[in-house]
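The values are calculated or read from the model by the stated rules, or taken from the named source; none is laboratory data. Note that the structure is a prediction, hence the values are computed from the model and not measured. A quick note on method: Cβ atoms are made from the backbone with ideal geometry, for glycine too, and the neighbour counts reach across all protein chains shown.
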Amino acid sequence: MMFEEYKAFKEKVGVDDVAAYLGYKLDRKAGVGKYVEYNIRDGRGRKIDSIVISHPGDKSSQTYFHRNGASGGDAISLIKANINSFGVTGSSEAEMLAAVMSKLTSDDTFITKAEDRYRDMKPQTFDIGRFQMENAAEHFEAVMSFFRARSIDEETVRTFLPFIMRVTDTEAQYKYKDLAFPYTKPGSEKIEGFELRGYNNFRQKAPGTNSSSAAWIADFTKEQPDSAKNVYFFESGYDAMAFYQVNKSRLILETSVFVSTGGTFSSQQIKGITDYYPQARYWDCFDNDIPGILYGVRMESQLSGQFVNIITTDDTIIFQKGADELRLKKEEVTLPKVREKLGLERHIYVWKAPKAFKDWNDVTMNKPMKDLPIKSKYQRNENLREKRRKGTL
């Protein structure tokens, strides 16, 4: 998003407005002058965070800092630090930020531009007619060029061929042939969008993709939802396929469903999928980073029917459920720990990538978040298998 758009937003919405939306209250006892103090309290009235805001009379100039010494910033910084508290969805932080800016100003112009191929397009209804669709099996080698770069093998791709395709956006300036993961609603064959992947790490959803109630759903139960035993949730189709590749010896494919939400998810997506597969066990396979961990918490909160407010500071995450409040260092946050401390019922099981890796595709690529002195177990097994194939063992 451009500097001019940030500037226009901050002329309308100050740090104080964002803080108020998040539940912070003006502390008049601290004084009202060149600086003002806003506090947020838990259900018992205990102060859990304080921020000091400059220039209370000039929204565009407002900045803030935390009383506890944590860093601050401007209105945009405060939104980013609490991006999961605004009830918006998006496939990236930039997309979610634009949605929050639009929400707080009731101004759609903040979401008409994105740093992508479709930056000049306004939000619209998905039009499948603009895409030339090709059967992935008929262009297998071309499709494999995408997957080889992600260390996803031919056996895995052949397994998922019914759920992927190659598409060309005929209305785009450049007619790229992209890999597409089609979005559908549970039980429907109607395509309502695409999760697109292309060269040079291109990743985006097609214009108008229904991310509210549709998702990429690779259902291997032969349209028998009651026979689904496990539904696995991911942030991308690549991650889902990589997960299968790494763990296939432990999976029963015929009773499995793999879902990509393309990043963050909506409550309608989760409700639609869990309602359609009521007998299944649901698995949090989201990324190992903070957003991915919080996706699992949000999903558990939704399925438990108990709202959990999430507040993120520089190094701490605060979870509030009614009068209960839990503060954890970012590196300590896990779904099981939050569930136990807040007394949430268990609806979600966790099967994330090994801790050294951000996601399952990074496992197949042997791409840890930090350099490891040894290879992953999966990588060692793959090396052993390759040596046996070549007859060097």
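Structure summary
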{"quantity": "Those residues of the stretch 176-190 which are outside any loop (DSSP other than H, G, I, E, B) and over 19 Å from the mean Cα position of the chain (by Cα), in sequence order", "calculated": "177, 178, 179"}
{"quantity": "Close pairs (6 angstrom Cβ cut-off, 6 or more residues apart or separate chains): within 15 Å of residue 16 (Cβ to Cβ) in the stretch 41-57, modelled with pLDDT under 90 and in a loop (DSSP other than H, G, I, E, B) anywhere", "calculated": "50/67"}
{"quantity": "Enumeration of residues in the stretch 70-112 that are assigned to a loop (DSSP other than H, G, I, E, B), modelled with pLDDT under 85 and among the acidic types (Asp, Glu)", "calculated": "107"}
{"quantity": "Every pair of residues 6+ apart whose Cβ atoms lie under 6 Å, when the first sits in the stretch 191-208 and is under 16 Å from residue 148 (Cα atoms) while the second is surrounded by 20 or more Cβ atoms within 10 Å (Cβ to Cβ) and of a type in the set (Asp, Glu)", "calculated": "198/178"}
{"quantity": "Condition check for residue 160: within 28 Å of residue 267 (Cα to Cα), part of a strand (DSSP E or B) and touching a helix residue (DSSP H, G or I) at 6+ places or on another chain (Cβ under 6 Å)", "calculated": "no"}
{"quantity": "Matching entry among 161, 196 (being touching a strand residue (DSSP E or B) at 6+ places or on another chain (Cβ under 6 Å) and either over 22 Å from residue 263 (Cβ atoms) or surrounded by 21 or more Cβ atoms within 10 Å (Cβ to Cβ) (or both))", "calculated": "196"}
{"quantity": "Long-range neighbours under 8 Å by Cβ, at least six apart or interchain, first residue assigned by TED's automatic domain parsing to the domain that holds residue 362 within the stretch 139-150, second assigned to a loop (DSSP other than H, G, I, E, B) and modelled with pLDDT of 90 or more", "calculated": "143/164; 147/153; 150/365"}
{"quantity": "Hey, residue 64 aromatic (Phe, Trp, Tyr), modelled with pLDDT under 85 and surrounded by 14 or more Cβ atoms within 10 Å (Cβ to Cβ) or not", "calculated": "no"}
